[in-house]
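The values are calculated or read from the model by the stated rules, or taken from the named source; none is laboratory data. Values in this document were obtained by computation on a predicted structure and should not be read as measured data. When we count neighbours, we look across all protein chains shown, and the Cβ atoms used for this are built from the backbone with ideal geometry, even at glycine. Side chains are part of the model used for accessible areas, which takes the heavy atoms of the whole protein and leaves out ligands, DNA and RNA. Shrake-Rupley method; radii C 1.70, N 1.55, O 1.52, S 1.80 Å.
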Amino acid sequence: MAKKGRVFSGARPTGRQHLGNYLGAIKNYVGMQDEYDCVYCIVDVHALTTVETTQDLKLNTFEMALDWLAAGMSPEQSIIFVQSHVPEVMELHTYLSMVTQFGKLTDLPTFKEKVRQQPENINYGLVGYPVLMTADIVLYKTDVVPVGIDQAPHIEFAREIVRSFNYRYNTKVLIEPKVKHTEVLKVVGIDGKDKMGKSLNNHIELASTPEETTKRVREMVTDPARQRKTDPGNPDVCNVFTMHKIMSPQEEVDMINVECRRAGIGCVDCKLRFAANLNKNLEPFRAKRAELAAQESYVQDVLNDGGKRARVIAQQTMVEVREAMQLP
Ligand code: SF4
């Protein structure tokens, strides 16, 4: 079947992935592979704008790639690679930076947020982050970028940079990427408050053992108004119920929806049911992960091969870019 076009998406090397990563991104990545020619990148260079040390970078990249592959991202269908393996992206970044106004970059809400988060480390790379992101996208002649609605302004900014470049050099060599709106599930952490994330330690790792997973689920915050088992609960305000709706069979969801409201089921029982369903859902992932991890150098081979395939596209784009710029 002819594919609809090329998709690009990048994610920072954050190591072992959690449930929020899976439901918010990886599931979409896997789902798009049949329809699109997908290029998925672990953006290690972007990570350098915020990390203090690179000692975990290799391990985090490996663990993340292993999770991606175990979850169904396929190196046969897609290009899966590491950003720094394609140095052409740095060159394109430099050229694009010359057609991007500095004031626009420093005005971006994402930049201002980073300044607040790390006032002691406002580095040059941080300012140019959106330019490097644009280089990532356009280097592979991307047609569409899958993003949630709140991320759409970033792609609009990338489109602006592309237009500036094409106008400056009177060319059409760079493609303006389109946004593909995807339903990005915002998974709330086990604290029941914030988005699931490693930095808040409110996450459930996909690669945890069933016992570790159950332990994390038991720590989940439920309806705060339900103090005792005899109090009726409200599943509509309970994160455990939200997760049941994603992971559990419909009959069980319906049963909890009724029984919780009349104190017919306790929170411990409800959580253990969720943990059992989650563990069952994760079984194939865990089996595949163990199988891939046992194959020596498999992950590295996939990333190296992906890098080579990505580089073929990148080198062709750069020939066209240099020609359009009339570089001597
Ligand atoms: Fe939440 Fe389940 Fe407890 Fe109801 S019974 S409050 S849905 S954990």
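List of remarks:
- When 103, 20, 15 are checked against the criterion of being open to solvent by less than 50 Å² (accessible area, probe 1.4 Å) and on the phi > 0 side of the Ramachandran plot, 15 stands alone in meeting it.
- If the condition is being closer than 19 Å to residue 196 by Cβ and polar (S, T, N, Q), then the stretch 216-242 contributes 222, 239, 242.
- Looking only at the stretch 109-137, and only at residues there that are touching a strand residue (DSSP E or B) at 6+ places or on another chain (Cβ under 9 Å) and open to solvent by less than 40 Å² (accessible area, probe 1.4 Å), the one that is nearest to residue 160 (Cα to Cα): 137
- Scanning the stretch 205-231 for residues that are surrounded by 15 or more Cβ atoms within 10 Å (Cβ to Cβ) and within 15 Å of the ligand (Cβ to nearest atom) yields 214, 216, 217, 220, 221, 222, 223, 226.
- Filter result for the condition that a residue is of a type outside the set (A, V, I, L, M), at pLDDT 95 or above, touching a helix residue (DSSP H, G or I) at 6+ places or on another chain (Cβ under 8 Å) and open to solvent by 80 Å² or more (accessible area, probe 1.4 Å), over 326, 315: 315
- Residue 239 near the ligand (Cβ under 9 Å from one of its atoms) and touching a strand residue (DSSP E or B) at 6+ places or on another chain (Cβ under 7 Å): yes
- Set side by side, the residues 84, 74 differ, and just one is small (Gly, Ala, Ser) and either part of a helix (DSSP H, G or I) or surrounded by 18 or more Cβ atoms within 10 Å (Cβ to Cβ) (or both), which is 84.
- Failed item in (1) crowded, with 20+ Cβ neighbours inside 10 Å; (2) in contact (Cβ under 8 Å) with a residue 24 or more places away in the chain; (3) within 11 Å of the ligand (Cβ to nearest atom), with residue 282 passing the rest: (3)
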